[in-house]
Amino acid sequence: MKQFLTFHLGKESYALNLVQTKEIIKNKKITNVPNTEEDISGVINLRGQIVPVLDLKKSLGLKPEDANTNINEEEKRIVVVELNNLLIGILVDSVLGVVEVDEEEIEKVSVEDKSIKKEYIDGVIKMDRQLLIIIDLNKTVFRGEVE
Amino acid sequence: VDERNQYLQMFFDEAAENLQILNKRILELEKRPESSREIIDSMFRAAHSLKGMAATMGFAKLTELSHKIENLMDEIRKGQREIDDSLIKLLFKGIDHIGEIISCLKNRREERDISGYLQKIADFIGNKRPVNIEQDKTAPFELVLDKEEIQDIKNRITPTNSVYRLTVVLARDSLLDVRAYMVLKKAAEVGYIFKASPDKEKIEKEEIVNQFVYLILISNLSPQDIKREIEEITDVVKVKVVKDPEFQDFLTDDANNNRIQKTNKFQVSPTVRVDINKLDQLMNMVGELLINKTRLESLNLDNETYKDILPQLDRVTMELHHLVMQVRMVPVGVIFNRFPRMVRDLSKQMGKEVNFIIEGEDTELDRSIIDELTDPLNHLLRNAIDHGIESPAFRERKGKEKVGTVLLKAYQKGSEIIIEVEDNGQGINPDNVVKVAIEKGVIAREQAEEMGEIEKLNLIFEPGFSTAREVSDVSGRGVGLDVVKKVVDSLDGNIILQSQPGTGTRFIISLPLTLAITRALMVKINGEVFAIPLNVINETLEIEASSIKRVKGQDVIVLRNRTIPLVDSRERLNLNVEYGLYKERNKIPVVTINSGEKQFGLVVDELLNQQEIVVKSLNDFFGDIKNISGATIIGDGDVALILDVRNIA
């Protein structure tokens, strides 16, 4: 069994491997960092540590019409994950919960008709007529280094 | 296992220290062989404690090696060996081997095999017998005292007299027995001869007497006086008088002298070795405290206790901060002392003659800064010798002193530490720099035409630049001065180059005293708060839009007869707004900045307060960000970025 954290980005639902996630915090003041890439929202103070925050929608390259619907500012969260020993915040529209899935239930199919880039998808989970897209965070965050 | 690791770290620290002492002392010995005594003593001690430490840790080869070197020192100490090139070379080799073994151990590898060197040292000690004693079968020996004799001597010691070891060397072709007799006679006049070799009986029996007379003498005269007395005897070549170490501490142990011992104890305060990581943590905690203090201050409560407690909290925090900073400070000598050996080896290898001078090695800098400086300084010094100092012949032809001078100097200036690397070599010709820069595609020809001398020289710091035509094994290595500049920049420092073709070159590095906490001016740019470290700020102004002039498409102001270009902070930060809007305001806040030899005015939206900030590095995720050097946490718990203004212009 594998556990995933599920969340909303715009109108779609996505999933992250729970092992990677450290904590979820309420959206707080993000300080913009100039001269950095488009999808970096800025930095936050996490108990004295400076943590970068990523606008995952921009990282994934979601189309504005997919990204900008179904948003409630109050429900926005920052999911803090640990990748390559670095703490990174991921900005999401709302957190849904945790799901447990058998490995066999994960389909390695490509998702058609979505604006999200294929290489960032690690598979999909079909649940209650709902589609959960599993994001390969390593590839999404460190795409420069991977390519 | 942990305990051993702890000791291991201690061992490495101490070993490094002793190694450095040895290196330094050999260099001195090479320069001034005549004043060898004190140098050798210190070397002997270093080798000895190295041996002790290695033995405790169970490093057999290191123990043996230090033991051999210790033996060699001992021979020199006893005057049985001339100090010559081959000896110096052997000693250096030995130190290098020690260094290699230690680095092997550090990397958890086997101790390196050094049997070859050990054999060499054994041959050296064995073969070249001490200063000409052909006739000697009873090789010179130290007088050995047995237990009873030691007790006997102790009974004779009073607060006014001392126990001396005398070594008297007689001229080889003199009447040895007669002279030896005279030595004994004279010695008996200045003190009490406890033991002698040869003794009176031996001399009277006409047993063979060699050039050496050894004495243990108890006397109330000073060693200098004794020496002078004995030297008056005809055919005495050399006299050595040393307080017998065995009895030196004897008196201080004595109950009668308890008072002396006590006062001595108070002169040296005890020290502790601390892991640098613990100091970092401590500094972080002080930083947290500081942030929270600032937050508390920003509450601005109307409450008696609050108003009473704030100044006290402020004082305690500042003192704590000051203390922690003090603890983190280390003298630059820690790294400076590594260089004489490198300079010596390199100049020999290059066939150059260099007088290397170190000044201000007691100047203190934050430990974390010091560690970063080794490579840049190493690079600059290598450059000075390789490219700066000319060959002796060339220098003579140019009417310069044959021996070139390289100066490494550190001093404090305000809240900055300045380190200078200076040579009196051939200097750098700005036009040559430009030529190379164009060749290597660093700049375009047209660009060069508009450049001043200083700008031309500074091209040398550009990536992809290296004036040496061929990559020499010395300063080449594919790294240029751009790397040096990068390191200095990363330390929030600054590097300036001054050079006069034909007379020399000087690099001036200025560094903040400490990285962790600094005073900064807070400013607002496009709604966000930024911090500018005070050490780079010249002054703050509020100017009128009407005082702005335009020169070559650049906004400037004239300040005390100096034309200062204005830089729009919004533009430098690539903020997604229209630039140059400041001209529409009637009061424009400007921060004038010193960047090397340039000055410019940074236009911001609003000048806020000054405060202590705790410098935090941005997460490694970012790498280098243009014009941003770090971040800090401000009063309300938000993050403010620190502007890297030196490179903003």
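Points to keep in mind about this one:
- Scoring B:495-504, B:541-550 by mean Cβ neighbours within 10 Å over their residues and listing the highest first yields B:495-504, B:541-550.
- Computed Kirkwood radius, in angstrom, where 1/r is averaged over Cα pairs of the protein assembly as shown: 33.2 Å
- With each label modelled as a point 7 angstrom along the Cα→C-beta vector, the A:Thr69-B:Gln151 pair spans 10.6 nm.
- Length gained on full extension, B:Glu450 to B:Arg228: 72.6 nm, using 0.36 nm per residue less the C-alpha separation.
- Fraction of C-alpha pairs exceeding 16 angstrom in the range A:54-142: 61 percent, rounded to a whole number.
- For chain B, the C-alpha radius of gyration sits at 1.28 times the compact-globule guess of 2.2 N^0.38 Å, with N the residue count.
- Under the Karplus curve 6.51 cos²θ - 1.76 cosθ + 1.60, θ = phi - 60°, whole-Hz ³J(HN,Hα) for the range B:18-33, x wherever Gly or Pro sits: 5, 4, 5, 4, 4, 4, 4, 5, 5, 4, 5, 4, 5, 6, 10, x
- Residue mean of other protein chain beta carbons inside 10 Å, B:436-449: 0
- Of the three principal axes defined by the Cα atoms of the range B:161-210, the extents in descending order read 34, 21, 15 Å.
- The phi torsions of the range B:639-645, fed into the Karplus equation with coefficients 6.51, -1.76 and 1.60 and a -60° offset, translate into couplings of 9, 10, 8, 9, 7, 8, 6 Hz, rounded to whole numbers, with Gly and Pro shown as x.
- Per-residue mean of foreign Cβ neighbours for B:635-644 is 4 (Cβ atoms of other chains, 10 Å radius).
- Ranked by the mean number of other Cβ atoms within 10 Å per residue, highest first, peptides B:153-164, B:602-613 order as B:602-613, B:153-164.
- Shielding by partners, peptide B:522-534 (average Cβ within 10 angstrom, other chains): 1
- In percent, rounded to a whole number, the relative contact order of the range B:490-555 is 19, using alpha-carbon pairs under 8 Å and six or more apart.
- Cα shape, the range B:6-67, gyration tensor, a/c 1.5 rule: prolate
- Between 0 and 90°, nearest 10: helix B:276-298 axis offset from chain B longest Cα axis: 30 degrees
- Cα pair distances in the range B:333-448, grouped into 5 Å bins until the bin that holds the longest one, percent each: 2, 10, 18, 17, 15, 14, 12, 9, 2, 0
- Straight-distance crosslink candidates among aspartates and glutamates, where the alpha carbon sits under 18 Å from A:Lys28 and sequence neighbours closer than 8 are dropped: A:Asp39, A:Asp55, A:Glu73, A:Glu74, A:Glu75, A:Asp93, B:Glu528, B:Asp636, B:Asp638
- Backbone phi angles across the range B:162-168, fed through the Karplus curve with coefficients 6.51, -1.76 and 1.60 (θ = phi - 60°), yield HN-Hα couplings of 9, 9, 10, 9, 10, 10, 10 Hz in residue order; Gly and Pro are listed as x.
- Nitroxide proxy distance, nm - points 7 Å out along Cα→Cβ at A:Met127 and B:Thr374: 5.3 nm
- Of all lysines in the structure, those lying under 20 Å Cα to Cα from B:Lys583, and not within fewer than 8 positions of it along the same chain, are B:Lys524, B:Lys549, B:Lys552.
- Inverse mean reciprocal Cα-Cα distance (Kirkwood Rh) of the range B:370-417, Å: 12.8 Å
- Placing dummy labels 7 Å off each Cα toward the beta-carbon, the span from B:Asp123 to B:Glu396 is 3.5 nm.
- Kirkwood hydrodynamic radius computed over the range B:512-565 comes to 13.8 Å, based on all pairs of distinct alpha carbons.
- Base-10 log of normalised Debye intensity for the range B:324-398 (one unit scatterer per alpha-carbon) at q = 0.24, 0.28 Å⁻¹: -1.07, -1.28
- Relative contact order of the range B:287-393, defined on C-alpha pairs under 8 angstrom at six or more residues apart (%): 29 percent
A short reminder: the numbers here are calculations on the coordinates, not readings from a lab. Bear in mind the structure is a predicted one, so any value in this text is a computation, not a measurement. So basically every Cβ, Gly included, is an ideal-geometry build from the backbone, and we count neighbours across all protein chains shown.
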